């Protein structure tokens, strides 16, 4: 599964990630018509029996992506590093992809290394809920992700005005050492996510259930349908 995903990423195929923070979504029957991967936000959902049941019953055609977000990058519950590591380790056997923030790679280096040894796809992420960083800062994050051995660099940032969309265009104008997952957050986020996908963003996040996992997200099934029109 990871090999197939990696091939798609290298081909810059725009995949739709159905992200879940809504506990009610754990009772849904999710199909490949809804998304290409399912992300569980474990910092929100925890590791209770309903999470394990969902994972065990997940459609085998849908790879599982796990993350437990750092509190300073949108994570819920002020979970410390030990707690977040425990949540992630509990699902390593079932997951195909893991997402750790760049800021967490040092304190979670053993988990990051183990994920690599398991041939999981590794996403190194950066989130800025306040502003759109300058392009040189975003490129430095990409270089750091590549140096850490990531398979994908994920960049999510606040889009405050239309000219901020130009940062997304600039990012894709130069070759990148890694496949990129790029998205805006905020009022202009829906258009930013389509723009990024059309330019080459490989993981494009929508939500499953009734709760967006970030400001301005599309419902995942709707995003997948729109991206299929390329």
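The values are calculated or read from the model by the stated rules, or taken from the named source; none is laboratory data. These numbers come from a predicted model, not from an experiment. Cβ: placed from backbone, ideal geometry, glycine included. Neighbour counts: every protein chain shown.
Select from the range 196-216 the residues that are out of contact with any helix residue (DSSP H, G or I) (no Cβ under 7 Å at 6 or more places or on another chain) and not in a helix (DSSP H, G or I) and write down the one among them that is nearest to residue 150 (Cα to Cα). By that ranking, first place goes to 203.
Quick one: would you say residue 88 is more than 29 Å from residue 128 (Cβ to Cβ), in a helix (DSSP H, G or I) and either modelled with pLDDT of 95 or more or out of contact with any strand residue (DSSP E or B) (no Cβ under 8 Å at 6 or more places or on another chain) (or both)? Explain how you work it out, then say what you get.
Working: more than 29 Å from residue 128 (Cβ to Cβ): no; in a helix (DSSP H, G or I): yes; either modelled with pLDDT of 95 or more or out of contact with any strand residue (DSSP E or B) (no Cβ under 8 Å at 6 or more places or on another chain) (or both): yes.
Here the answer is no, as residue 88 does not meet what is asked.
Being without any contact (Cβ under 8 Å) to a residue 40 or more places away in the chain, surrounded by 16 or more Cβ atoms within 10 Å (Cβ to Cβ) and in contact with a strand residue (DSSP E or B) (Cβ under 8 Å, 6 or more places away or on another chain) is not true of residue 145.
Residues in the range 168-195 that are under 18 Å from residue 137 (Cα atoms) and in a helix (DSSP H, G or I): 168, 169, 170, 171.
Filter the range 95-112 for residues that are within 17 Å of the chain's Cα centre (by Cα) and assigned to a loop (DSSP other than H, G, I, E, B); which is surrounded by the most Cβ atoms within 10 Å (Cβ to Cβ)? Among residues in the range 95-112 that are within 17 Å of the chain's Cα centre (by Cα) and assigned to a loop (DSSP other than H, G, I, E, B), the one surrounded by the most Cβ atoms within 10 Å (Cβ to Cβ) is 95.
Being within 22 Å of residue 40 (Cα to Cα) and more than 15 Å from the chain's Cα centre (by Cα) narrows it down to one residue among 147, 197, 115; which is it? Of the residues listed, the single one that is within 22 Å of residue 40 (Cα to Cα) and more than 15 Å from the chain's Cα centre (by Cα) is 115.
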